[in-house]
1. Out of 291, 245, which single residue is modelled with pLDDT of 90 or more, of a type in the set (Gly, Ala, Ser) and outside any helix (DSSP H, G or I)?
2. Please enumerate the residues belonging to the range 293-319 that are surrounded by 13 or more Cβ atoms within 10 Å (Cβ to Cβ) and either among the acidic types (Asp, Glu) or away from ligand 1 (no atom under 16 Å from the Cβ) (or both).
3. Select from the range 130-149 the residues that are of a type in the set (Asp, Glu) and assigned to a loop (DSSP other than H, G, I, E, B) and list them in ascending order.
4. Is it true that some residue in the range 150-161 is free of Cβ contacts under 8 Å to residues at least 12 places away in the same chain, part of a helix (DSSP H, G or I) and either of a type in the set (A, V, I, L, M, F, W, C) or closer than 30 Å to residue 345 by Cβ (or both)?
5. Within the range 246-288, which residues are over 12 Å from residue 302 (Cα atoms) and of a type in the set (S, T, N, Q)?
6. In this structure, does residue 78 turn out to be outside any helix (DSSP H, G or I), at pLDDT 80 or above and surrounded by 17 or more Cβ atoms within 10 Å (Cβ to Cβ)?
7. For the range 108-129, which residues satisfy the criterion of being surrounded by fewer than 19 Cβ atoms within 10 Å (Cβ to Cβ), part of a strand (DSSP E or B) and away from ligand 3 (no atom under 16 Å from the Cβ)?
8. Does residue 276 satisfy being of a type in the set (Val, Ile, Thr), without any contact (Cβ under 8 Å) to a residue 24 or more places away in the chain and touching a helix residue (DSSP H, G or I) at 6+ places or on another chain (Cβ under 6 Å)?
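The values are calculated or read from the model by the stated rules, or taken from the named source; none is laboratory data. Small disclaimer: the values here were computed from a predicted structure and weren't measured. Cβ coordinates were reconstructed from backbone atoms using ideal geometry, including for glycine residues, and neighbour counts include every protein chain displayed.
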Amino acid sequence: MENRFSLVFEGKNENVSLFLQALQYRFEKPFQIANLEYYATACIVEMDSFCELTSENVMERSRYFMKAAKRQGKGAYLKITAKQLEEKEQQKLIEKALQHAINHNEIEVHYPPIFSLKQNRYVSAEALARLSDQNGNFIRPDIFIQVAEQNGMILELGMLIFEKVCKFIHDNPLEELGMEYIEINLSVVQFMQERLAEELLGVMKMYKIPPQFINLEITETATATSNTYLMRNMHTLISKGISFSLDDYGTGHSNLSYLIDLPVKLIKIDKSMIQTFGARKTHIAMECTVSMIKKLGLKIVAEGVETKTQLEQMKQLDIDYIQGFYYSKPLNEQNFLLILDSQNNQLA
Ligand code: C2E
Ligand code: CA
Ligand code: CA
C-alpha cells in the first residue's frame, strides 16, 4: 500500500528540517494499533518554497522527487532546493517543446559551412539542430540534446534530424554546389541501439543518398562507453561507405588510444583549444597534437575559429578544414544554399 502526504509550511520556517527529522525518527519506532505493533517506512522529501503554490503543483513535484527518494531506499531523506525545483521546471518546459517539435515536425537544422584551406572553398557543413519553444524563444542545443538523452526522446529526435538532412541533400544540388559530405552529430544513446545502422541506412535508401555524402560525428565520451552495439553499428556503417569524425577533440579525456583504434577519418579539434591557442602551453599541445594526427593519416577540422589571428594560426599549423564564425555562423537551409551559390559564382 502506498500513501503520499504533503505538509505545507507557511512563511520562512527554519524549524522545518527539525520537524521532518523528528518525523523520520518517529518512523524508526513501531506504531501501536490495538495490541499490535506495526512498522512502517517513510521517504521524506523536503522542498524549498516556490511561487504559485497550488495543491496540484505540490503533488506533481513531490511525485517526481519521491521517485528519486525511493531509488535511494526505504526511509530516505531528500532535500530539494529552489534551484533544483527551477531546473526541473525548466526541463519540463524543454520536454514539452521537444514533444511539440517532434509531433509537428518543427525541428530545424542549420548548417555552418566548413572551409577547406587547400581547396580555398567550402567543401562540407555540419548539421546542427535548432529548437524554439512555443513563444519562439531559442533553446540551446546542448541543453535540449541533454534533456532528450536523459528521457529517451533523442532516439526519435535523432532520426528526425537525420531524415531532415537526408531530405535536404535529396532536394538540393549540394554536390554541384561543391559539397563533398555533410557531418551529422549522433548521440551515444543512439549508438547503443541495436538497429541504429539499419535504421540510418533505411532512411538513406529512401532518399537515395550516396553513403560518401554522410559523415557521422561521435565524441570521445560516446566511444568510452563500452557497448557492443556501438562498435557493431560503426563497423556496419563504415562497411557501407559512411565515414566518421571524432568530435570535440581536446576536451574530456583526449585518450590517444581513440585516435589509434577508432575507424575515424576526421578529427575535430574543439573550440576551447583554438580559442586559447595564444597561451604558451595550449600552443605546444596543439602543435604536437596536430603533427601526431597528421602522421596517423587523419584530416583535421579546427572548430570555433572566430578571428583573423586564429585563422592565421591554423594556417601555420597546416590545418585542413576551418569551421567557425570567422567564415560563417550556422545558416538556415535557404541562406546556406545562397552562400554556396555565391561561392560557385565567384569560382566560375
Ligand atoms: P558541437 O557538435 O561541438 O557543435 C559545434 C558548436 O560550436 C555549435 O554550437 C556551433 O554553433 C558552435 N560554434 C561553431 N563555431 C563557433 C565559433 O566560431 N564560435 C563559437 N562561440 N561557437 C562556435 P550549437 O549549435 O549551439 O551546438 C551545441 C552542441 O549541441 C553541439 O556541439 C552538439 O554537441 C549538440 N548538437 C547540436 N545539434 C545536434 C544534433 O543534431 N544531434 C546531437 N546529438 N547533438 C547536437
Ligand atoms: Ca559536432
Ligand atoms: Ca565540436
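1. Among 291, 245, only 245 is modelled with pLDDT of 90 or more, of a type in the set (Gly, Ala, Ser) and outside any helix (DSSP H, G or I).
2. Correct list: 293, 294, 298, 299, 303, 306, 317.
3. If the condition is that a residue be of a type in the set (Asp, Glu) and assigned to a loop (DSSP other than H, G, I, E, B), then 133 is the only one that fits.
4. no
5. Within the range 246-288, 251, 254, 255, 257, 276, 282 qualify.
6. yes
7. Of everything in the range 108-129, those that are surrounded by fewer than 19 Cβ atoms within 10 Å (Cβ to Cβ), part of a strand (DSSP E or B) and away from ligand 3 (no atom under 16 Å from the Cβ) turn out to be 108, 116, 121, 123.
8. For residue 276, the condition - of a type in the set (Val, Ile, Thr), without any contact (Cβ under 8 Å) to a residue 24 or more places away in the chain and touching a helix residue (DSSP H, G or I) at 6+ places or on another chain (Cβ under 6 Å) - is met.
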